[in-house]
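The values are calculated or read from the model by the stated rules, or taken from the named source; none is laboratory data. This is a predicted model, so every value here is computed, not measured. Every residue, glycine among them, receives a Cβ derived from its backbone with ideal geometry; neighbour counts consider all protein chains shown.
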């Protein structure tokens, strides 16, 4: 019995990886298409950035709710309806773009519905991995690495697929998200078997009390990880938004060719994420070293993005270094959260972390749209300084021997 308790089928893992892959495509696929949307719909670059931000803002506020519901009623019960909402949101945005003369408002509504779906799907995968493997730290960190690699692989595919679909029909990316969501729904329904929880779900008052205790005991390192999540995704999505605009307006690289160029730093991010997830193996000391080295590399390299913006090769080298650093950092952050919070609170705490990441996703494109004309270099220097400040927080608050004190009930 013990030999099989942590057995998870390959199809189960494939099904789980489909969620971050599709939810990432649902957002990142539109980044290379934004200049086309600006032209077709007649909107500004700031308005086009809201197509990304509206998705993320909806997710920010609802992720903690989804996390609690998944702890209370089960992961799969939350994931499947959420994927259906993502499917519906894509259809609304797609049909509005296809049939309406002024579709912008309906596109935003569709994106908000998609964001609600993302809130209940993608973040719940992290605690579900912890549930499936129970206390096997090495398998948890390895599988989380695969999940994060799927997420980053979605970012690699996004600019290519987005450009290809938009070349066929400019609004096709919206419909493609719905089609991919349907595939994920089928995979999750048939192949993900969640272990039955023999314990009674916590009552709401006890749940609140336990959550407060976790943040009291583990708060310093948890908040540090949350801040890392915000900054990393802020830097990544602002950089991608800038690259998309810069490649067209400065280097005259458009369409499918632009999609492949955008994919270069993201491919390296994906490879780095996979390697990092394989190397972690639940080792907290190793996790902290990866976080430290990644933050240093990201903080130094991001400063040079603006200065190399007119030299394509140098720009791709710099953004690739940023991508490698972020790729190594993400599985480390996922693992330290998922592996050190006890099961009945895992969904809720990891959902706060996912919300933090979505804050960065939501803020990145609109901030970049406002600063890239006059304050580009200042903005990237500021990002580098913030990264180094976070590095100090990591040294001060992430203490290997103090993490996980509340993992086991008193």
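Quick notes on this one:
- Test result for residue 149, in contact (Cβ under 8 Å) with a residue 60 or more places away in the chain and in a helix (DSSP H, G or I): yes
- Answer residue from the range 195-207, given it is more than 26 Å from the chain's Cα centre (by Cα) and surrounded by 11 or more Cβ atoms within 10 Å (Cβ to Cβ) and is modelled with the highest pLDDT among those: 206
- Qualifying residue in the range 315-338 (condition: under 23 Å from the mean Cα position of the chain (by Cα) and farther than 20 Å from residue 269 by Cα): yes
Residue-by-condition table, conditions (1) closer than 18 Å to residue 245 by Cβ; (2) without any contact (Cβ under 8 Å) to a residue 40 or more places away in the chain; (3) in contact with a strand residue (DSSP E or B) (Cβ under 8 Å, 6 or more places away or on another chain); (4) in a helix (DSSP H, G or I):
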position	(1), (2), (3), (4)
290	no, no, no, yes
295	no, no, no, yes
300	no, no, no, yes
308	yes, yes, no, no
313	no, yes, no, yes
321	no, yes, no, yes
324	no, no, no, yes
327	no, no, no, yes
333	no, no, no, yes
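- Residues that are surrounded by 14 or more Cβ atoms within 10 Å (Cβ to Cβ) and over 20 Å from the mean Cα position of the chain (by Cα) within the range 184-194 comprise 187, 191, 192, 194, listed in sequence order.
- Residues of the range 296-317 classified as surrounded by fewer than 24 Cβ atoms within 10 Å (Cβ to Cβ) and touching a helix residue (DSSP H, G or I) at 6+ places or on another chain (Cβ under 7 Å), total: 12
- Looking across 67, 89, 94, one residue alone is in a helix (DSSP H, G or I), touching a residue at least 24 places away in the same chain (Cβ under 8 Å), within 21 Å of residue 208 (Cβ to Cβ) and touching a helix residue (DSSP H, G or I) at 6+ places or on another chain (Cβ under 9 Å). It is 67.
- Every listed requirement among (1) at pLDDT below 90; (2) surrounded by fewer than 20 Cβ atoms within 10 Å (Cβ to Cβ) is met by residue 124 save one, (2).
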